[in-house]
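Read-outs throughout are calculated quantities, based only on the coordinates presented, and are distinct from any laboratory measurement. As the structure is a computational prediction, the values presented were derived from the model and not from experiment. Methodologically, a virtual Cβ is constructed for each residue, glycine included, from the backbone with ideal geometry; neighbour enumeration extends over all protein chains shown.
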Amino acid sequence: MKTLFTLILISFNFSTLANVDEYQFCQARVDSIRQLSKLSINELTSLKKSIAIASSIEELNTATSKDFSPVVTSIQEHQKITKALAEKTTLQLLKMLETSAISKAISLHGNENERIWSFQFDKCVEDNLD
């Protein structure tokens with residue numbers, strides 16, 4: 001899990017890992033899931049399908065309306081790998097993260113209970129600490 005977490009951190013901070021910690025990552029993750037949970041189930045299902053079938057970073061960018069190109073560059077530089085391998089690694093990682101967030105948003109759809117969101121944050125931190 002730590003390797004995955006390191007790659008996730010790279011996606012949040014393209015120049016250095018020092019400024020991002022588990023708490024920042026988890027807060028951003030829970031905030032993202034919370035926003036997604038406000039979409040309709042049909043929208044979430046459609047988004048999840050679009051992400052699942054994306055076969056390139058460009059397709060993933062289009063499906064999510066985000067630009068993951070800097071993540072590719074960061075992973076390439078951090079791992080000292082080719083751009084093609086960095087794109088493949090980034091695509092696999094981000095598809096997993098994005099679809100996981102959507103699945104969680106579906107399971108928490110419309111939930112406004114602060115205890116549930118606090119629990120999600122605590123569980124994320126617990127799962128990502130050494």
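Modelled this way, with points 7 Å down the Cα-to-C-beta line, the labels at THR99 and ASP122 are 3.1 nm from one another. Evaluating 6.51 cos²θ - 1.76 cosθ + 1.60 at θ = phi - 60° for every residue in segment 33-45, the Karplus couplings come out as 5, 4, 5, 4, 5, 7, 6, 6, 4, 4, 5, 5, 5 Hz, glycine and proline recorded as x. Remark: the Cα gyration tensor places segment 30-70 in the oblate category, a/c being 1.5 or greater and a/b not exceeding b/c. In this simple spin-label model, placing a label point 7 Å from the Cα along the Cα-to-Cβ direction at both LYS88 and SER50 gives a separation of 2.7 nm.
Stretching the chain fully between ILE106 and ASN42 yields a gain of 22.1 nm (0.36 nm per residue, less the alpha carbon separation). Of all lysines in the structure, those lying under 22 Å Cα to Cα from LYS66, and not within fewer than 8 positions of it along the same chain, are LYS38, LYS48, LYS49, LYS83, LYS88, LYS95, LYS104.
Across segment 56-71, computed HN-Hα scalar couplings (Karplus, 6.51 cos²θ - 1.76 cosθ + 1.60, θ = phi - 60°) run 8, 4, 4, 5, 5, 4, 5, 4, 9, 6, 10, 10, 9, 4, x, 5 Hz from first to last residue, x flagging Gly and Pro.
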